[in-house]
Amino acid sequence: MLKRFNTLLILTAALVLSGCGIYSFTGASIPAEAKTVSVHYFPNNANLVNPLLSDQITNTLRDYFMNQTTLTGVDDNGDLAIEGEIVDYKTAPTAITGDQVAALNRLSITVNVRFYNRFDDSKNFEQKFTQYEDYSSNQDLNAVQNELVESICDKLCEDIFNKAVVNW
């Protein structure tokens with residue numbers, strides 16, 4: 001009897017979830033008719049330019065959508081489309097000691113993102129996303145920059161993905 005109940009419960013859950021679009025274990029809710037996603041190159045318009053950042057953000061975002069959804073990546077005119085630009089890249093002191101010396105510095109990256117959903121205009125948005133990582137003032141930014149940027153890009157892409165396709 002318990003086995004039948006569990007089977008019935010699983011079938012019911014599958015029917016409910018399949019009726020409203022594509023769902024995944026990431027929590028993504030994508031229209032069933034959406035098959036493609038396009039992520040346009042993010043130019044770097046920040047005052048301080050990291051020459052590798054445009055490629056890193058663009059590729060990380062593409063990878064995020066490819067790994068977390070069943071959508072196929074296309075260069076242009078995806079059913080879901082993302083474009084934007086890097087608008088800020090800066091480092092600043094965050095924790096000042098009693099000697100007026102920075103104990104921690106913060107590397108921050110801000111991107112402006114435009115998202116388009118071909119099947120539901122109410123999901124379209126334009127929004128700025130900012131993430132950061134702190135590092136010790138004893139460390140040279142050049143020594144830790146790659147690791148910090150990778151972590152920040154991951155956080156930014158998760159934020160963008162959640163805003164675009166996760167309806168929490």
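The values are calculated or read from the model by the stated rules, or taken from the named source; none is laboratory data. Just so you know, these numbers come straight off a predicted model, no measurement behind them. Neighbour counts are summed over all protein chains in view; Cβ atoms, including those assigned to glycine, are modelled from backbone coordinates with ideal geometry. The area values use the complete protein model at the heavy-atom level, side chains included, leaving out ligands, DNA and RNA. Shrake-Rupley method; radii C 1.70, N 1.55, O 1.52, S 1.80 Å.
Which one is nearest to Leu104 (Cα to Cα) among residues in the range 142-168 that are touching a strand residue (DSSP E or B) at 6+ places or on another chain (Cβ under 6 Å) and surrounded by fewer than 18 Cβ atoms within 10 Å (Cβ to Cβ)?
Val144
Does Leu107 satisfy the criteria of being in contact (Cβ under 8 Å) with a residue 40 or more places away in the chain, open to solvent by less than 30 Å² (accessible area, probe 1.4 Å) and within 18 Å of Val165 (Cα to Cα)?
It is false that Leu107 is in contact (Cβ under 8 Å) with a residue 40 or more places away in the chain, open to solvent by less than 30 Å² (accessible area, probe 1.4 Å) and within 18 Å of Val165 (Cα to Cα).
How many of the residues in the range 93-152 are among the small types (Gly, Ala, Ser) and either at pLDDT 95 or above or in a loop (DSSP other than H, G, I, E, B) (or both)?
The total comes to 4.
Find the residue count for the range 124-168, including only residues that are of a type in the set (A, V, I, L, M) and within 17 Å of Leu52 (Cα to Cα).
Total satisfying the criteria: 7.
Kindly indicate whether Glu133 is under 23 Å from Tyr41 (Cα atoms) and either open to solvent by 20 Å² or more (accessible area, probe 1.4 Å) or free of Cβ contacts under 8 Å to residues at least 12 places away in the same chain (or both).
So Glu133 fails the test.
Hey, among Ile82, Ile86, which residue is touching a residue at least 60 places away in the same chain (Cβ under 8 Å) and open to solvent by less than 80 Å² (accessible area, probe 1.4 Å)?
Ile82
Quick check on my filter: what residues within the range 46-63 are touching an Asp or Glu at 6+ places or on another chain (Cβ under 7 Å) and over 16 Å from Val87 (Cβ atoms)?
Listed by number, the list holds a single entry, Thr60.
Kindly indicate whether any position in the range 33-48 is touching a Phe, Trp or Tyr at 6+ places or on another chain (Cβ under 6 Å), surrounded by fewer than 19 Cβ atoms within 10 Å (Cβ to Cβ) and at pLDDT below 95.
The answer is yes, given that some residue of the range 33-48 is touching a Phe, Trp or Tyr at 6+ places or on another chain (Cβ under 6 Å), surrounded by fewer than 19 Cβ atoms within 10 Å (Cβ to Cβ) and at pLDDT below 95.
If a residue must be more than 21 Å from Asn47 (Cβ to Cβ) and over 15 Å from the mean Cα position of the chain (by Cα), how many such residues does the range 83-115 contain?
Of the residues in that region, 9 qualify.
Which residues, taken from the range 30-51, are without any contact (Cβ under 8 Å) to a residue 40 or more places away in the chain and closer than 27 Å to Thr91 by Cβ?
If the condition is that a residue be without any contact (Cβ under 8 Å) to a residue 40 or more places away in the chain and closer than 27 Å to Thr91 by Cβ, then Tyr41, Pro51 are the ones that fit.
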